[in-house]
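Student: Provided herewith is a single structure, encoded as structure tokens, for subsequent inquiry.
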Amino acid sequence: MRLFFGLPFDAETCAAVRRVQSRLEECAQRGRFTDPGNFHLTLAFLGEVEEERLKTLGTILRENPIPPIDLLFDRLGQFGGGICYLAPRTCPTLLKGQAALESALRRAGFELEERLYTPHLTLGRKVVFSAGKDLSGSLEPPVPAHSSGAALFHSHRVGGCLRYTRLEPDFRSEPDA
Ligand code: ATP
Ligand code: MG
């Protein structure tokens, strides 16, 4: 199963992020925009993992928790490929928590990518801005964000749609709705 650790956000945060995403959509000629039900901030992407390893992932998360956390998204950035994202103001608690989780995963033999970790919430991919409408830069006003803390997600398709299902603490996959 395809898995990643990430931060989910509460409904109020997702609604505020959705408002920024709507502005982005208005300024874009085209793009593939993240379903608001899938908004998250990736902490560590695991890729394909055998189901037998779920218990180990549970132990790693219990030993390296990221407790409830408040962030402030204050910048709209772009990666190559037209990936548009919201970036949080530097948060040492987040960076320390992510680094500890990543180290524990590597020690347990999970192969993670070597790229420097850049916290971001993806709003859209393959985004092409209309002329003169590039929204990148500091976000006014910034978006306060609340997360209940690190969680494990299952990335899968349900009825053809990509869905990130949060796995419950005992890490049994929820039945597909
Ligand atoms: P799709 O791959 O279908 O375009 P997606 O990238 O949103 O959709 P996944 O590939 O399952 O879905 O990725 C889940 C999360 O992990 C996303 O936030 C994605 O950006 C992130 N992710 C995917 N691959 C990597 C990677 N190699 N390194 C770091 N993060 C990744
Ligand atoms: Mg992907």
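The values are calculated or read from the model by the stated rules, or taken from the named source; none is laboratory data. Quantities reported herein were computed from a predicted structural model and do not represent experimental measurements. Virtual Cβ from ideal backbone geometry, glycine too; neighbours counted across all protein chains shown. We work out accessible area using only protein heavy atoms, side chains counted, and drop any ligands, DNA or RNA first. Shrake-Rupley method; radii C 1.70, N 1.55, O 1.52, S 1.80 Å.
Student: Select from the stretch 71-94 the residues that are in a helix (DSSP H, G or I) and within 14 Å of the chain's Cα centre (by Cα) and list them in ascending order.
Tutor: Within the stretch 71-94, just Leu94 meets the criteria.
Student: Kindly indicate which of Leu54, Leu41, Leu24 is among the aliphatic types (A, V, I, L, M), out of contact with any Asp or Glu (no Cβ under 8 Å at 6 or more places or on another chain) and within 15 Å of Ala145 (Cβ to Cβ).
Tutor: Of Leu54, Leu41, Leu24, the one residue that is among the aliphatic types (A, V, I, L, M), out of contact with any Asp or Glu (no Cβ under 8 Å at 6 or more places or on another chain) and within 15 Å of Ala145 (Cβ to Cβ) is Leu41.
Student: What number of residues within the stretch 28-45 satisfy the criterion of being crowded, with 16+ Cβ neighbours inside 10 Å and more than 9 Å from ligand 1 (Cβ to nearest atom)?
Tutor: 5
Student: Do the conditions hold for Leu121, that is, is it at pLDDT 95 or above, open to solvent by less than 60 Å² (accessible area, probe 1.4 Å), under 18 Å from Phe73 (Cβ atoms) and not polar (S, T, N, Q)?
Tutor: It is true that Leu121 is at pLDDT 95 or above, open to solvent by less than 60 Å² (accessible area, probe 1.4 Å), under 18 Å from Phe73 (Cβ atoms) and not polar (S, T, N, Q).
Student: Of all residues in the stretch 113-149, which are part of a loop (DSSP other than H, G, I, E, B), under 30 Å from Glu63 (Cβ atoms) and not hydrophobic (A, V, I, L, M, F, W, C)?
Tutor: Within the stretch 113-149, Glu113, Glu114, Arg115, Tyr117, Thr118, Pro119, His120, Ser148, Gly149 meet the criteria.
Student: If you go through the stretch 95-131 one residue at a time, how many are away from ligand 1 (no atom under 15 Å from the Cβ) and touching a residue at least 60 places away in the same chain (Cβ under 8 Å)?
Tutor: Selection size over the stretch 95-131: 3.
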